[in-house]
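Q: Quick one: the structure is below, questions incoming.
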Amino acid sequence: MPNPQFIKQYAELFLESRILERIIPREVSKPDELEFFNPYLIRDTVTEKLVPEGVSPYVGSDLTGVNRGVTDLVYDLLDRGGKRWRPVLGMIFAECYGRDIIDSIKLQVKNGDPVQNNPNQDILWACGLTEIMHNGSLMVDDLEDKSLMRRGDKCIHLKYGDDYACNTGTLMYLAPIVKLRDFIEDDKTQLNIMNICQEEMFNLHFGQNWDIHWHNSKDEMPTEQQYLQMVINKTSVLPRMCVRIISEIMGEEKISKQQ
């Protein structure tokens, strides 16, 4: 079933904001781009001393391995499409509380500005987090289920290998959280968002475990209550997490408007 027109409009603008590329670059071609992608990489202190002053200590890193093993897989799957209703939900939810998401992206695109110049970059980050984590879960799900096709093409594990798919799918759970400080300045809000992500991702894996257990247990059928519990703790996790994060981001704004 095709997306309703208004969802399609939101989804297209979400992509045009380029928030996904701000979280995970499409390609890492320079050492400083690798440092932006992962500022926490542990460097060899001996080699680091040999690097001239003013030169990135990431010089000599295997950038091809990062692209072939991570970014190629990420955007192979993301570029295949999908309904993207989870980030759309987050955008609409923020608009309900006064954020002007649509017009801010249109102005950003018109001016050719990067997403970090968008006044709603914090909301877009929360929506991007949800979309990237969702696609990471699909990558892992397809491997677990031994699926063959995803969005009209071979599943990622069949195109690139089980090990790549498992590793990159897991990385996609973490990459958006690594960028948290780039979009959220308040320390308390950062901590609360980290707690939300921790709680909900733990729920996600519990729900996924029940699903795996039932389809591997040929003679065991869940009760209706058990199945609903699985749905709440698997299918519902990512949209709920998106809304919870946006609620946390906008908490102070809602309070000030009510006053």
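Q: Just to confirm my filter: which helices (runs of 4 or more DSSP H) fall fully inside segment 7-108 and include at least 2 residues that are of a type in the set (Asp, Glu)?
A: Those helices (runs of 4 or more DSSP H) span 31-37, 72-78.
Q: OK, next. Quick one: what pairs do we get from segment 197-225, first residue in contact (Cβ under 8 Å) with a residue 12 or more places away in the chain, second among the basic types (Lys, Arg), C-beta under 7 Å, 6+ apart or different chains?
A: Pairs found: 200/240; 204/234; 207/234; 208/234; 211/234.
Q: Evaluate the following for residue 91: is it over 24 Å from residue 247 (Cα atoms) and within 20 Å of the chain's Cα centre (by Cα)?
A: So residue 91 fails the test.
Q: From the set of residues in segment 84-105 that are of a type outside the set (A, V, I, L, M, F, W, C) and touching a helix residue (DSSP H, G or I) at 6+ places or on another chain (Cβ under 7 Å), which is nearest to residue 239 (Cα to Cα)?
A: Per the stated criteria, the residue is 86.
Q: Within segment 145-165, how many residues are part of a helix (DSSP H, G or I) and surrounded by 16 or more Cβ atoms within 10 Å (Cβ to Cβ)?
A: Summing the residues that are part of a helix (DSSP H, G or I) and surrounded by 16 or more Cβ atoms within 10 Å (Cβ to Cβ) in segment 145-165 gives 6.
Q: Are any residues in segment 5-21 surrounded by fewer than 22 Cβ atoms within 10 Å (Cβ to Cβ) and either over 17 Å from the mean Cα position of the chain (by Cα) or among the polar types (S, T, N, Q) (or both), and if so, which ones?
A: 5, 6, 7, 8, 9
Q: Here is a follow-up. Could you please let me know if residue 35 is more than 30 Å from residue 156 (Cα to Cα) and charged (D, E, K, R)?
A: no
Q: Tell me whether segment 180-198 contains one or more residues that are in contact with a strand residue (DSSP E or B) (Cβ under 9 Å, 6 or more places away or on another chain) and surrounded by 14 or more Cβ atoms within 10 Å (Cβ to Cβ).
A: No, every residue in segment 180-198 fails to be in contact with a strand residue (DSSP E or B) (Cβ under 9 Å, 6 or more places away or on another chain) and surrounded by 14 or more Cβ atoms within 10 Å (Cβ to Cβ).
Q: List pairs: first residue in segment 175-195 and closer than 16 Å to residue 132 by Cα and assigned to a loop (DSSP other than H, G, I, E, B), second residue of a type in the set (Val, Ile, Thr) and at pLDDT 95 or above anywhere in the structure, Cβ distance under 8 angstrom, at least six positions apart or on different chains.
A: 179/23
Q: Does any residue of segment 229-244 turn out to be farther than 23 Å from residue 38 by Cα and either touching a strand residue (DSSP E or B) at 6+ places or on another chain (Cβ under 8 Å) or free of Cβ contacts under 8 Å to residues at least 12 places away in the same chain (or both)?
A: Within segment 229-244 (the criterion being farther than 23 Å from residue 38 by Cα and either touching a strand residue (DSSP E or B) at 6+ places or on another chain (Cβ under 8 Å) or free of Cβ contacts under 8 Å to residues at least 12 places away in the same chain (or both)), the answer is yes, since at least one residue qualifies.
Q: Among 162, 122, 141, which is the only one that is more than 23 Å from residue 186 (Cα to Cα), of a type outside the set (S, T, N, Q), touching a residue at least 60 places away in the same chain (Cβ under 8 Å) and out of contact with any strand residue (DSSP E or B) (no Cβ under 7 Å at 6 or more places or on another chain)?
A: Exactly one residue qualifies, and that residue is 141.
Q: So which residues in segment 239-259 are in a helix (DSSP H, G or I), at pLDDT 55 or above and not hydroxyl-bearing (Ser, Thr, Tyr)?
A: Scanning segment 239-259 gives 239, 240, 241, 242, 243, 244, 245, 246, 248, 249, 251, 252.
The values are calculated or read from the model by the stated rules, or taken from the named source; none is laboratory data. As the structure is a prediction and not an experimental result, all values here were calculated from the model. Quick reminder, even Gly has a Cβ in these numbers, built from the backbone with ideal geometry, and neighbours come from all protein chains shown.
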